[in-house]
Amino acid sequence: MNNKGLLVIISGPSGAGKGTVVSELIKNKSYALSTSITTRQAREGEIDGIHYFFRGTEEFKKMVEKNELLEYAEFCGNYYGTPMFYVEEQLQQGKNVILEIEVQGALQVKERYKEAILIFLTPPNISELRSRLENRATETLEKINMRMKRAREEIKLIDKYDYIVINKIVEEAVDSINKIVESEKMSAQRHIDLINTFLEGVE
Ligand code: 5GP
């Protein structure tokens, strides 16, 4: 029986509420959250090694060269990437590993791990995106505009995702993601070993 965890990718435009949803999800100990590496500056309150590993561009590029990243992408002037080691280790231990990453990186992971589940989280409507970003007040107007432009580009790629979850009420969005993961665990495709055991039993 395949006890490996699932790779759960959560993407969505800045302001979709990914951070809040993910922090609720990981209260459930079956999940492990991957910490990304980024070259962007830490925001107030962000801690190195918890929210991100904040690193310089040189160090980031070295990791890329050494093939230490599962995926990486450039987003609004900074690099972001997923360290491979942690993801592999946690999957082997049976944890469902959450990657909270943007669309280009998500599609790279899907190329590599066909079994990864791609979930796109959106706010109920696009006009809410800007107000969420403005209320967050962590970015300059120029950066907010850049992120809104990027959001439009990301939304065009939603059809590459397996699921869309609308984040109107956080608890409901979390519940939907848990249900997706539970159903995916029962998918026949993920139980080829079990099916083979059944076949051996009926011969
Ligand atoms: P933020 O600067 O708001 O923390 O993140 C900007 C975007 O980068 C978000 O869409 C976030 O999901 C994405 N992101 C964070 N970590 C990674 C990563 O490791 N790889 C990729 N491709 N995107 C990431």
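The values are calculated or read from the model by the stated rules, or taken from the named source; none is laboratory data. It should be emphasised that the depicted structure is a prediction, and the values quoted were computed from it without experimental measurement. Ideal geometry is used to build each Cβ from the backbone, glycine not excepted, and the neighbour counts take in all protein chains shown. Note: areas computed on protein heavy atoms with side chains; ligands, DNA, RNA excluded. Shrake-Rupley method; radii C 1.70, N 1.55, O 1.52, S 1.80 Å.
In segment 1-28, which residue that is closer than 19 Å to residue 172 by Cα and part of a loop (DSSP other than H, G, I, E, B) is most open to solvent (accessible area, probe 1.4 Å)?
So in segment 1-28, the residues closer than 19 Å to residue 172 by Cα come out as 8-13, 15-28.
Then keep just the ones that are part of a loop (DSSP other than H, G, I, E, B); that gives 12-13, 15-17, 26-28.
Numbers: 12: 2, 13: 2, 15: 10, 16: 0, 17: 20, 26: 54, 27: 135, 28: 65 Å².
Residue satisfying both the conditions and the ranking: 27.
Note on segment 67-172: enclosed helices (runs of 4 or more DSSP H) holding 1 or more residues that are out of contact with any Phe, Trp or Tyr (no Cβ under 6 Å at 6 or more places or on another chain) and at pLDDT 95 or above are 84-92, 103-112. Residues in segment 143-173 that are open to solvent by less than 70 Å² (accessible area, probe 1.4 Å), among the aliphatic types (A, V, I, L, M) and more than 13 Å from the ligand (Cβ to nearest atom): 158, 165, 170, 173. Examine segment 57-65 for a residue that is part of a loop (DSSP other than H, G, I, E, B), out of contact with any Asp or Glu (no Cβ under 7 Å at 6 or more places or on another chain) and either over 23 Å from residue 161 (Cβ atoms) or touching a residue at least 60 places away in the same chain (Cβ under 8 Å) (or both), and state whether such a residue exists. Checking segment 57-65: not a single residue is part of a loop (DSSP other than H, G, I, E, B), out of contact with any Asp or Glu (no Cβ under 7 Å at 6 or more places or on another chain) and either over 23 Å from residue 161 (Cβ atoms) or touching a residue at least 60 places away in the same chain (Cβ under 8 Å) (or both). Among residues of segment 30-44 being open to solvent by 50 Å² or more (accessible area, probe 1.4 Å) and either β-branched (Val, Ile, Thr) or modelled with pLDDT under 95 (or both), the one that is nearest to the ligand (Cβ to nearest atom) is 43.
Within segment 29-51, the set of residues being closer than 21 Å to residue 175 by Cα and assigned to a strand (DSSP E or B) comprises 31, 32, 33.
Go over the candidates 140, 122 one by one and state the one that is out of contact with any Ser or Thr (no Cβ under 6 Å at 6 or more places or on another chain), open to solvent by less than 30 Å² (accessible area, probe 1.4 Å) and β-branched (Val, Ile, Thr). Matching residue, one of 140, 122: 122.
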